[in-house]
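Below is one structure, written out as structure tokens; the observations come after it.
The values are calculated or read from the model by the stated rules, or taken from the named source; none is laboratory data. Remember, predicted model here, so these are calculated numbers, not experimental data.
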């Protein structure tokens, strides 16, 4: 009775090839491009900055400290000017 047959040799060869492939995949997975890592870090920093800004605005709005934004101040000024306009100016089409 032969211990090494063609079938056993083929099975052994396929097992070795699959192990070699798995090892190569693992090595490829470990090596990451420095540019890709830098891009991920930069994206994370930008996201953290945006989140901090949104939280600051939410806390400021929630505290109600009366500090209006420039847009709100300009809007209030425009509303006061419109209220001071004479009513005849609104409908003068003649």
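In this structure, is residue 73 modelled with pLDDT of 75 or more and part of a helix (DSSP H, G or I)? Explain how you work it out, then say what you get.
Numbers: modelled with pLDDT of 75 or more: no; part of a helix (DSSP H, G or I): yes.
Against the criterion (modelled with pLDDT of 75 or more and part of a helix (DSSP H, G or I)), residue 73 does not qualify.
Just give me the residues in segment 38-70 being in a helix (DSSP H, G or I) and modelled with pLDDT under 70, in sequence order.
Hits for segment 38-70 are 63, 70.
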